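What follows is one structure encoded as structure tokens, with my remarks underneath.
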Amino acid sequence: MALQTEYEFSLPKGYVDEEGTLHKKGVLRLATAADEILPQKDPRVQSNPAYLILILLSRVVTKLGSVTDVNPSIIEGLFLEDLTYLKKLYQRINGNGELIINTLDSHWGEGVDVNPLPSVKMDVQVNGNFLFFQDKKEGKYHPLPDPDSFMIIYDTKTKYLKTEAEKLSEILKEKGVSVILRSVIDFTDEDKENYKVILLRGRTLALGTSTKLTDISSKVKWSESEGEVEIVHDAEKVSNPIFVIGGKNEASVERAVEDYVRRYSTPQ
């Protein structure tokens, strides 16, 4: 049987060129050693490691709609959802990183000691480092398995939660994490399946939030909380663990976000 070297795909949203034409269907080929090695010598990658995936995808995407010369500028112009889709397709057909991702995921709930896999190299990195959240109560680090599948959602009962969610989103983006920001109103069961989630909440939840997150059981008395982070990781109830950041009022939520950011680190 012949080896399959090319794979057709259809982007969730599609690339819009300068003339307004939408391009959704394309072809991605198997990567070679050169595809992963040569881009690392590019000055753009050396000054900004996050640019590596853009060059890499431009080498292996051979066609996108009527576009046959797919260059880094075109990949830059993709919507975030489409870029994430191509990254995951690349990983799947090239067998890249699955073992390591599974290893990290297996430790997500209970946490691990400082950087349990210091010698492992994988595609899920930010500036060459694994991302961890340090839970000071447990004294453990919780790995963030995939910076490209992270979503921040905020309860709509109080307006300041949206402001804090936007602030947290920008901070994480500065750390190199691709973040999707949504209100709980727009949060779906599919999102729950596909993303690691941060929920920002106040002393109580809006009815819609309680309805959508009935499987999230909190042990924190949020009506009395001065601001804290809870990691909900009951594997029998939720597909993906959820970080809950909140407090009884605006000041406590702001304090909790700042505390989360302080403890969000990249162990060496």
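Along the range 38-48 the Karplus relation, 6.51 cos²θ - 1.76 cosθ + 1.60 evaluated at θ = phi - 60°, assigns HN-Hα couplings of 4, x, 5, 8, 5, x, 5, 6, 5, 8, 8 Hz to successive residues, with x for each Gly and Pro. For residue 25, nonlocal amide neighbours, meaning residues 5 or more places apart or on other chains whose placed amide H falls under 5 Å from its own, are 11, 65. Only lysine pairs 8 or more places apart, or on different chains, with alpha-carbon atoms under 20 angstrom apart are counted in the range 6-94, and they number 13.
Of all beta bridges that DSSP places with both ends in the range 150-265, some 25 percent have antiparallel geometry. Amide H contacts under 5 Å for residue 179: none, restricted to partners 5 or more places along the chain or on a different chain, H placed in the peptide plane at 1.01 Å from N.
No value in this document is a laboratory result; all are computed from the given coordinates. Computed from a predicted structure; not experimentally measured.
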